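The block underneath contains the structure these notes are about, expressed in structure tokens.
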Amino acid sequence: MGNSRSSRRRRYEEKDASDDEDDGEYIRQLELHLTRLIAYAESADPTLQREVAEKLANAAVKAERQVQIVNLGGLRLLVPLTRSRDAEVRRLAAHALANLSVDAQNQIKLAEDGAIPVLIALLACQGEIHVQRQAAKALANISVNVRNKERVAEEKGIIPLVELARSPHVGVRVEAVAALANLAVNDKNEQEIARVGGLEVILD
């Protein structure tokens with residue numbers, strides 16, 4: 001019995017060590033790729049941009065990766081990618097930002113690195129409903145932060161969100177309403193949302 005428990009314990013320890021090694025290797029690879037790519041993110045070939053943005057969007061699903069990507073400079077890569085000529089790159093970059101913005105500290109860093117006006121600009125991508133949805137989702141997450149509620153309003157994000165809250169596309173509408181609901185926790189924002197007809201949309 002003792003040998004069996006000891007054997008299981010060794011397997012668990014080996015598994016933990018393997019996980020640590022995998023995590024360390026991932027961080028090294030991430031740092032290497034980001035360092036190489038940040039410098040030419042704006043001018044890279046769309047095929048490469050899509051690959052990079054997709055990898056970061058997928059990696060940012062995991063909570064521990066969200067912090068790592070931002071700490072290693074991922075925002076300096078993703079923000080320029082939201083201005084790519086390629087709609088799919090814009091969608092993937094917005095998706096990655098939406099995933100990263102789940103983390104509370106990242107919400108602050110996203111705002112400090114200028115992501116809020118970038119995301120608001122993506123709301124106006126006519127005909128690109130997936131880009132609009134991910135941008136609205138990121139703004140909904142970012143607006144959980146008290147200071148960011150003010151920042152989104154200061155960057156004129158309320159009116160485009162109210163407009164998207166009336167979108168015929170359910171996914172876009174849901175994320176826009178969620179963003180407005182978070183913004184409305186601030187009294188001044190609530191008054192502005194009401195002024196432009198947004199409260200009816202939230203309460204509908």
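The values are calculated or read from the model by the stated rules, or taken from the named source; none is laboratory data. Bear in mind that the values here come from a model prediction, so they are computed numbers and not experimental data. Cβ coordinates were reconstructed from backbone atoms using ideal geometry, including for glycine residues, and neighbour counts include every protein chain displayed. We work out accessible area using only protein heavy atoms, side chains counted, and drop any ligands, DNA or RNA first. Shrake-Rupley method; radii C 1.70, N 1.55, O 1.52, S 1.80 Å.
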Check: Hey, any hits in the range 158-173 for a residue that's free of Cβ contacts under 8 Å to residues at least 12 places away in the same chain, open to solvent by 30 Å² or more (accessible area, probe 1.4 Å) and under 22 Å from D113 (Cβ atoms)?
Finding: no
Note to self: Go through the range 136-157 and report how many residues are open to solvent by 10 Å² or more (accessible area, probe 1.4 Å) and either more than 15 Å from E192 (Cβ to Cβ) or outside any helix (DSSP H, G or I) (or both).
What the structure shows: 8
Item checked: Matching residues, the range 114-130, being surrounded by fewer than 17 Cβ atoms within 10 Å (Cβ to Cβ) and either among the small types (G, A, S) or in a loop (DSSP other than H, G, I, E, B) (or both) -> G114, A121, A124, Q126, G127
Notebook entry, point to check: Across the range 98-113, what is the number of residues that are buried (at least 21 other Cβ atoms within 10 Å of the Cβ) and not in a helix (DSSP H, G or I)?
Noted result: 1
